[in-house]
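Let me begin by presenting the structure, written as structure tokens, before commenting on it.
The values are calculated or read from the model by the stated rules, or taken from the named source; none is laboratory data. As the structure is a prediction and not an experimental result, all values here were calculated from the model. Cβ coordinates were reconstructed from backbone atoms using ideal geometry, including for glycine residues, and neighbour counts include every protein chain displayed.
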Amino acid sequence: MVERKVAALGLIAAAMIWAVTGVSFKIFLDRGFSLIFILWVILIFKYTSVWLISDFKGVKHELVMDKRELRFILLNGFFVLCTPIFFLLAIQRTSLSNAYFTVYTAPAWVLIGSVLLLGEKIDAKKIVGLVFTFIGLVFVSRPENLLSFDFGIFLALLAAFSFAGDIITSREMKDYPYHTVAIYGNAFQLVVLTILVLFVYGIPAVWSGFLLAGILAVIGLFRGVSADLYYYALEKLEASTASIISLSELIFASVLSYLLLNEVPAPEELIGYVFIILSGIIILLRTSDIHNFEYLLRLRRKH
């Protein structure tokens with residue numbers, strides 16, 4: 001019982017860290033930092049944090065020798081990298097809350113992928129979840145007509161698709177410890193971002209930006225901690241419990257965007273948020289084929 005409470009509190013802390021990171025992205029972009037530089041600094045220190053935590057826990061760093069599995073790890077690293085890039089592009093064109101709730105439609109796209117790729121059966125509950133997702137997106141984007149669509153929402157949708165790709169490819173590495181996959185995936189992302197920073201975007205030559213860069217470094221360290229808290233929680237909690245607690249990130253992000261960025265959602269957007277949350281709950285907590293879906297979400301059933 002104590003372990004479950006600690007795991008739940010850890011997952012809430014992780015959700016808060018993720019929300020703070022999302023708000024900080026907006027602040028750093030407004031200060032003129034390039035999105036690639038932001039991700040680069042955070043990833044350097046997240047990678048360091050993951051490595052130090054794994055050493056502290058005595059986790060054995062396995063070598064991935066199978067070429068097929070290595071390809072999946074690299075593909076997963078690609079999706080993990082694309083998700084924040086699209087998210088950062090999205091929050092430059094729409095509100096932080098809109099981007100967040102749109103990205104959290106990822107379970108719907110995972111569901112579609114599981115039907116198409118895993119042969120999972122479709123039923124009424126899944127259809128309702130998907131319908132709620134689309135209704136939520138319509139209210140959030142508030143299109144003037146069927147042919148118009150907010151470009152910021154479109155970019156956030158790309159982040160959601162990439163997040164779904166991350167979830168699906170993660171299933172192929174479920175036999176490896178989290179830290180092994182994280183070290184390989186983060187190393188791939190770090191190489192890509194380092195090349196982009198050094199040869200394409202460059203390092204910002206702004207002395208006054210060192211303090212903000214230091215803050216980014218701290219955020220990167222905490223991102224590594226939050227990832228470890230997340231996977232610890234998944235070992236101690238039921239999938240349904242972990243799923244519901246993870247949704248608290250949306251609440252934290254919305255409150256922080258209101259307090260720090262003065263973002264006030266329109267009534268239509270609030271309605272869209274409600275539909276997206278309901279769709280997530282319906283899809284994540286459905287009982288049919290839950291075993292396959294838990295693995296798609298990197299969740300393991302307790303035995």
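How about region 4-32: which of its residues are part of a helix (DSSP H, G or I) and either aromatic (F, W, Y) or farther than 21 Å from I251 by Cα (or both)? Give the derivation first.
Keep residues of region 4-32 that are part of a helix (DSSP H, G or I), which gives 4-30.
R4, W18, F25, F28, L29, D30 - these are the residues of region 4-32 that are part of a helix (DSSP H, G or I) and either aromatic (F, W, Y) or farther than 21 Å from I251 by Cα (or both).
Are any of the residues in region 100-111 surrounded by fewer than 22 Cβ atoms within 10 Å (Cβ to Cβ), closer than 27 Å to T180 by Cα and at pLDDT below 90? Yes - at least one qualifying residue is present in region 100-111. Of the residues contained in region 164-172, one or more are found to be in a helix (DSSP H, G or I), of a type outside the set (V, I, T), more than 30 Å from V264 (Cβ to Cβ) and at pLDDT 75 or above.
Taking the criterion of being free of Cβ contacts under 8 Å to residues at least 12 places away in the same chain and closer than 28 Å to A242 by Cβ, the residues of region 1-43 that qualify are M1, V2, K5, L9. For R93, the conditions (1) part of a helix (DSSP H, G or I); (2) within 20 Å of the chain's Cα centre (by Cα); (3) more than 24 Å from N186 (Cα to Cα) all hold with the exception of (1).
Residue count for region 33-61, restricted to those that are at negative phi, out of contact with any Phe, Trp or Tyr (no Cβ under 6 Å at 6 or more places or on another chain) and either modelled with pLDDT under 75 or assigned to a loop (DSSP other than H, G, I, E, B) (or both): 5. Could you check, for region 260-268, whether at least one of its residues is over 18 Å from the mean Cα position of the chain (by Cα), closer than 21 Å to A182 by Cα and of a type outside the set (G, A, S)? No, there is no match, as no residue in region 260-268 is over 18 Å from the mean Cα position of the chain (by Cα), closer than 21 Å to A182 by Cα and of a type outside the set (G, A, S). Checking each residue in region 124-142 for being surrounded by 21 or more Cβ atoms within 10 Å (Cβ to Cβ) and among the β-branched types (V, I, T) picks out T133, V140. Of the helices (runs of 4 or more DSSP H) lying entirely inside region 210-303, those containing at least 1 residues that are surrounded by fewer than 20 Cβ atoms within 10 Å (Cβ to Cβ), of a type in the set (G, A, S) and at pLDDT 75 or above are 210-236, 248-261. Filtering region 1-43 to residues that are over 16 Å from A90 (Cβ atoms) and aromatic (F, W, Y) leaves F33, F37, W40. Exactly one of (1) farther than 20 Å from G152 by Cβ; (2) touching a residue at least 24 places away in the same chain (Cβ under 8 Å) is unmet by R71. Its number? With (1) farther than 20 Å from G152 by Cβ; (2) touching a residue at least 24 places away in the same chain (Cβ under 8 Å) applied to R71, the lone miss is (2).
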